[in-house]
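The values are calculated or read from the model by the stated rules, or taken from the named source; none is laboratory data. Here the structure is a predicted model, which is why all the values come from computation and not from measurement. Cβ placement follows ideal geometry from the backbone for every residue including glycine, while neighbour counts extend to all protein chains displayed.
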Amino acid sequence: MTLALLVEQLFNGVQFGLMLFLMAVGVTLVFGIMRVINLAHGSLFMLGGYFLMAALAWTQSYALAIPLAFVGAAAVAVVLEIIVLRPLYRRGPLDQVLATFGLTLFFNEAVTVIWGREPIPLSIPPLLTGSVEIMPGSAYPLYRLVITAVAIVAGLLLYLLITRTRIGALIRAGSDNREIVAALGININLLYTLIFALSAMLAALAGIMMGPLLSVEPGAGDPILILALVVVVIGGIGSVRGALVGALMVGIFDTLSRVLIPLAIQTNATSALVGMAVYVLMAVVLLFSRTGLFAAHRG
Amino acid sequence: MSEFLLEIDHLSKAFGALRATDDVTLAVRKGETHALIGPNGAGKTTLVGQLTGELKPDAGRIVFGGRDITALSTARRARLGLARSFQITSIFASLSAEGNVALAVQATEPHSFRFWQPAERIARLRAPARSLLADVGLGRVGNVAASRMSHGQHRQLELGMALATRPRMLLLDEPMAGLGIEESRAMSKLLASLKGQYTILLIEHDMDVVFSLADRISVLVGGRIVASGSADEIRNHPGVRVAYLGEEDDDLDADG
Amino acid sequence: MTLPARRGALLVVLLALAIALPPYFGIYYVRFATQIAIYGMAALSVDLLLGYSGLITFGQAALFGVGAYAAGMLTVYGVTEAFVVWPCAILVSMLAAGAIGALSLRTRGFQFIMVTLAFAQMAYYFAQSLRNWGGDDGFTVPQRDHLGPLALTDHTTFYYVVLALLVLVALFAHRIVRSQFGRVIRGIRDNERRVAAIGFPPYPYKLVIFVIAGGIAGLAGALMANHAKFVSPATMSWQLSGELLAMVILGSANSLIGPVIGAAFFLAFRDVLSDYTEHWMLFFGPLLVARVLLVKDGIWGMLLRGVGIEEANGSPKLDYDQSADPIADAEPGASR
């Protein structure tokens, strides 16, 4: 285990964590403000990757494909919000879980119908291939650094949006009291649609950026969704700060455990332990605080 | 043993900058009917929450029957004899009125890990339930689904459930809330019948009931107890009138 | 005929159909009916948690899978006596449910759903990692267990055994739900705050029902291992958990029979549509969404209303026996 390898894995962990953050913050915002559990969030991640692939095939240019993919994801999100999510705001968790689960089933099958079952590899944009020497003797892929930077920028923009703008104030107010915000003459429906679209675009962004790394396939969003949910449980529902801290914890913990555990324990059960490590972390956090580390709302 | 059944000792709870409960000290004697009054937003709900164990105080303690219950769960406190009725009706919608009270009776048993006998056939639960329903004026409607009852009947059911647990003390949270004239009179009589049998902490807005029933009254304003004493003392207390009615001049503008 | 008696008559009719019809139509349908009964049992366990306790679990498939793996492994090791293997599977899944429940039940609502989902996923990864047991591909079970002297290789015999177990489980669950314990559990579903306020600590009761439901799911899993003679991590997937929830709600939650009907509907839907297209999920997804958004009740509820047994206004199911004599039972010490 060299230092260079450890540093590289740490970078990977942070990068993975930031991707999870983009997913988790969407989940936590939508639940914190609209009180909706959206299991179809993983589908938006998956659709981001698929739309990128489709746009690439059509335009042959990343510069065009990326914005197109965003537009596609945003369009899907808006339609979803109006048709399926809006009736769910007043319903209980069971209805929300089942309806969005149904959506996930639909989307997973729909991409299979259109693009088939096989995973489709995407290549890294030509400008971003190559590597950077982060430490003597250690070359780290440029692409991974770039998407890490993009995620950080997205996070900062989100922070500024929520804390410094009128819309952000409305978002925070809307989470406390729908009726008052509506009474102020602000269109709650529009606000919620915007929030949902925002969360969907963050998920799609993660999907677009991970596309070249993970390859695009039906159900690609499901394991990511589950990890994002673990992040929200650890970080606390409704807390953006919790989503960040939780995501970094999960990202780093997961990545490092995949490397370190096989080194420490050489048994048949190793791969089981590796996959389970994150859930053990979640269990430990739950024992410590049943609402997560930074719960903004009381359950 | 102390003459006080409930002692609240320098209790404090803040939500951020808002001091919902500000160094509250209050004691209720055994057998006493003690009313807690105060304007809306005074912190009564927060105080009740801390008494029942749903909220954790930042500082202070609560002693019940000589025992420090500050860290105990809601269920433990109920088992020790502190029963509570809810301001906003809180019943079991899928059961009948009798079922609701029977479940409260069931709670007095050491445990309910009994899986075989259908509960609706167990006489030792139904008989006390029926008699309690009669006591609170619901004797004829035992078999009605609780979800179908009127608001007034709900308030009676609330009381019945609290009584069913054979408590030492009743914490009644606005039992008169939303009642019409006839219903208020009936509830008032019912409460009067309980006086003396139980130690009662009564939270109420209805001043007629408060002044006719309470042995002592405490006034909660802005999270603090601003006055505590007999009905006459409170009636004539200048601070209370200001807190409730605003400055003297406003009296003339107020309705009624 | 009183309401409960009419409902009982309808159930008897359904049971008679379940006994007579499948063999009449042939082996394929017997096997299909067996599958319905097994998934119905698993869905019933979900209803115990969902409909009766208010616990929305997205992880019941994990307990189903644990039962399947336990039964499969024992049979591979040569233990083929069902009277040993099946209770073992139940026990193992109850232990697993105890472990999962002990942690998850400390959370509520949204968190509980996510935590059960996460633990189910953990079980799935664990199963995938079992290299000696086929990893992701799973393993085949060499033979069905035998129930004492009764061999279960014949599909029809096996079907009747599974059906009998389903009926037993349903009766057992029905009993529990009406008991004192069941009252507390339903109280927790209706109003957990009030349950605590009258003196019941909710956590132990929730844990017990969670373990009971886990045992039932484990039995269903063991039966599945016998039915398919094949066990794989797919039996633990969160998609299956979601499908079980869907079966409950399609059939009518809070009814014990509804989930079985929901299972029948789901499997029939899949069976019929996959003859036309492998992409039948494309239709099931929206169907589920439509059911949630547009329809108030499940199939069993609609059936009861259609036959005139329940009220039409969707009021909450009344859980007390309206035929009990109010006078005679009022005397203290009246005969039970």
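I'd like the full set of residues that are away from chain A (no Cβ under 12 Å) and not aromatic (Phe, Trp, Tyr), limited to segment C:275-307.
Applying the first criterion (away from chain A (no Cβ under 12 Å)) to segment C:275-307 yields C:275-276, C:297, C:299-307.
Within segment C:275-307, C:ASP275, C:ASP297, C:ILE299, C:GLY301, C:MET302, C:LEU303, C:LEU304, C:ARG305, C:GLY306, C:VAL307 qualify.
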Open item on the list: Consider segment B:15-63. How many of its residues are away from every other protein chain (no Cβ under 14 Å), in contact with a helix residue (DSSP H, G or I) (Cβ under 8 Å, 6 or more places away or on another chain) and either exposed (fewer than 15 other Cβ atoms within 10 Å of the Cβ) or outside any loop (DSSP other than H, G, I, E, B) (or both)?
Closed with: 8
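Give A:LEU29, A:LEU39 a once-over and let me know the one that is outside any helix (DSSP H, G or I), modelled with pLDDT under 95 and within 23 Å of A:TYR192 (Cβ to Cβ). Steps first, please.
Values: A:LEU29 fails: outside any helix (DSSP H, G or I).
Going through A:LEU29, A:LEU39 in turn, the sole match is A:LEU39.
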Task: Odd one out for C:ALA96, checked against (1) more than 14 Å from chain A (Cβ to nearest Cβ); (2) over 23 Å from C:GLN35 (Cβ atoms); (3) modelled with pLDDT of 90 or more - done: (1)
Open item on the list: Quick check on my filter: what residues within segment B:106-140 are hydrophobic (A, V, I, L, M, F, W, C), assigned to a helix (DSSP H, G or I) and within 9 Å of chain C (Cβ to nearest Cβ)?
Closed with: B:ALA119, B:ALA123, B:LEU125, B:ALA127
TODO: Sort out which residues of segment B:80-97 are buried (at least 22 other Cβ atoms within 10 Å of the Cβ) and assigned to a loop (DSSP other than H, G, I, E, B), and write them in order of number.
DONE: B:PHE86, B:ILE91, B:PHE92, B:SER94, B:LEU95
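Conditions (1) surrounded by fewer than 21 Cβ atoms within 10 Å (Cβ to Cβ); (2) within 10 Å of another protein chain (Cβ to nearest Cβ), marked per residue:
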{"residue": "A:LEU88", "(1), (2)": "no, yes"}
{"residue": "A:LEU94", "(1), (2)": "yes, yes"}
{"residue": "A:PHE101", "(1), (2)": "no, yes"}
{"residue": "A:THR104", "(1), (2)": "no, yes"}
{"residue": "A:TRP115", "(1), (2)": "yes, no"}
{"residue": "A:GLU118", "(1), (2)": "yes, no"}
{"residue": "A:PRO121", "(1), (2)": "yes, no"}
{"residue": "A:ILE124", "(1), (2)": "yes, no"}
{"residue": "A:SER131", "(1), (2)": "yes, no"}
Open item on the list: When you check A:ILE234 against the structure, is it part of a helix (DSSP H, G or I), modelled with pLDDT under 80, within 24 Å of A:GLN15 (Cβ to Cβ) and of a type outside the set (Gly, Ala, Ser), yes or no?
Closed with: no
Open item on the list: Can you find a residue that is of a type in the set (D, E, K, R) and within 24 Å of C:THR277 (Cβ to Cβ) anywhere in segment A:30-41?
Closed with: no
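So for segment C:258-267 (the condition being more than 13 Å from C:ALA37 (Cα to Cα) and either in contact with an Asp or Glu (Cβ under 9 Å, 6 or more places away or on another chain) or surrounded by fewer than 24 Cβ atoms within 10 Å (Cβ to Cβ) (or both)), does at least one residue qualify?
From segment C:258-267, those more than 13 Å from C:ALA37 (Cα to Cα) are none; that's our starting set.
The answer is no; no qualifying residue exists.
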Task: Residue list for segment B:81-101, filter: in contact (Cβ under 8 Å) with a residue 60 or more places away in the chain and either under 13 Å from B:GLY160 (Cα atoms) or facing chain C (nearest Cβ under 9 Å) (or both) - done: B:ALA83, B:ARG84, B:SER85, B:PHE86, B:THR89, B:SER90, B:ILE91, B:ALA97, B:ASN100, B:VAL101
TODO: Please find, among C:VAL208, C:VAL184, C:VAL195, the residue that is in a helix (DSSP H, G or I), over 17 Å from the mean Cα position of the chain (by Cα), facing chain B (nearest Cβ under 9 Å) and touching a residue at least 12 places away in the same chain (Cβ under 8 Å).
DONE: C:VAL184
- [ ] Within segment C:51-107, count every residue that is within 30 Å of C:ASP297 (Cα to Cα), hydrophobic (A, V, I, L, M, F, W, C) and not in a helix (DSSP H, G or I).
- [x] 4
Task: Which numbered condition C:TRP133 misses (of (1) touching a strand residue (DSSP E or B) at 6+ places or on another chain (Cβ under 7 Å); (2) within 16 Å of C:LEU15 (Cβ to Cβ); (3) among the aromatic types (Phe, Trp, Tyr)) - done: (2)
Open item on the list: Checking the structure you have, find out if any residue of segment A:59-77 is surrounded by 22 or more Cβ atoms within 10 Å (Cβ to Cβ), within 21 Å of the chain's Cα centre (by Cα) and not hydrophobic (A, V, I, L, M, F, W, C).
Closed with: no
